[in-house]
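In what follows, a single structure is set out as structure tokens and then discussed.
The values are calculated or read from the model by the stated rules, or taken from the named source; none is laboratory data. These numbers were taken from a predicted model, which means no experiment stands behind them. As a convention, Cβ positions derive from the backbone with ideal geometry for all residues, glycine included, and neighbour counts pool all protein chains shown. Protein only, heavy atoms only, side chains kept; ligands, DNA and RNA dropped before computing areas. Shrake-Rupley method; radii C 1.70, N 1.55, O 1.52, S 1.80 Å.
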Amino acid sequence: PATLVDIRPASVRGIRAADESDAESTESVRLREALAKSVNVAAVHVTREVGPANVVSWARTLGLTTPMEPDLSLPLGAYEAKPIEMANVYASFASGGMLELPKLITRIQDPSGNEVALPTPPPSRRVMEESEAFLITSMLTSVVDHGTGQLARGLGRPVAGKTGTSNESKDAWFVGYSTEIAVAVWTGYDDARPLGRREAGATAALPAWVSFMKAAHAGKPPTDFPRPADV
């Protein structure tokens, strides 16, 4: 989170500033702050540093199944993802690095009311260390605290999450979680039409996420994300 990243648009060949905040950047910032502010140039830098093929590999480990190519457009919204898979990825962050495949059907009854046995689901498995998951959560709380997800501060409880806007504003996302529940909100058209120049994850998806989370946590006391002993 404290790694310094050059966020000048000219520092990455072929990348131009997507907005004024990117265009005015003249220095390096901590990765935590770049993530909080959704600075695209920083995302490209990180992808190049760790290797696009490793990004795709880790996405597969976390349960994403949609097609992705190992190139520097990965962090810029060039590829699609399923909302249920995105919610499950963030649930793995929230659970301290454990992946469990989502269950769409939890119970079936026959006409007589007898419960039908369901296939045994695969066991959960560790996909990252608990400390790694906690650091990701910590960075994602900065998105809410002073970044693009500040609207979520209105919940009055610890939450972590990330806004997302794909090319030409065809998809607007907010995926986030508390200590109890992970939720993904996607806004877009089925035929991939642009939502409009001014639409983004913070305006088109985050309000619905906040509304849902308010109802889901009604009457429940706030709880903080547990810090692992080695952090």
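A few notes on this one:
- When only Cα pairs below 8 angstrom with a gap of at least 6 residues are kept, the chain shows a relative contact order of 16 percent.
- Estimated FRET transfer efficiency when R0 is 41 angstrom, pair Glu115-Tyr189 (beta carbons, to 0.05): 0.55
- For the chain, radius of gyration divided by Kirkwood radius, i.e. Rg to Rh on alpha-carbons: 0.99
- The label-point distance for Arg8 and Ala229, in a model that sets each label 7 Å from Cα toward Cβ, rounds to 4.7 nm.
- Set of aspartates and glutamates with alpha-carbon distance to Lys214 below 13 Å, sequence-local pairs under 8 removed: Glu180
- Gyration tensor verdict on the stretch 101-154 (Cα atoms; rounded if a/c is under 1.5, prolate if a/b is larger than b/c, oblate otherwise): oblate
- Per-residue [θ]222 nm for the chain (sum of -39500 (n - 2.57) over DSSP H runs n ≥ 4, rounded to 500): -9000 deg cm²/dmol
- Extension gain (nm, one decimal) between Ala78 and Arg197, 0.36 nm per residue minus Cα-Cα: 41.1 nm
- Once both labels are positioned 7 Å from their Cα atoms along Cα-to-Cβ, the gap between Asn167 and Glu180 label points is 4.1 nm.
- Placing pseudo-labels 7 Å out from each Cα toward the beta carbon at Trp58 and Val46 gives an inter-label distance of 0.8 nm.
- Cross-link reach list, lysines versus Lys82, counting only Cα pairs under 22 Å and skipping chain neighbours closer than eight places: Lys103, Lys162, Lys170
- Accessible surface of the stretch 121-231, 1.4 Å probe, proportion on carbon and sulfur as whole %: 51
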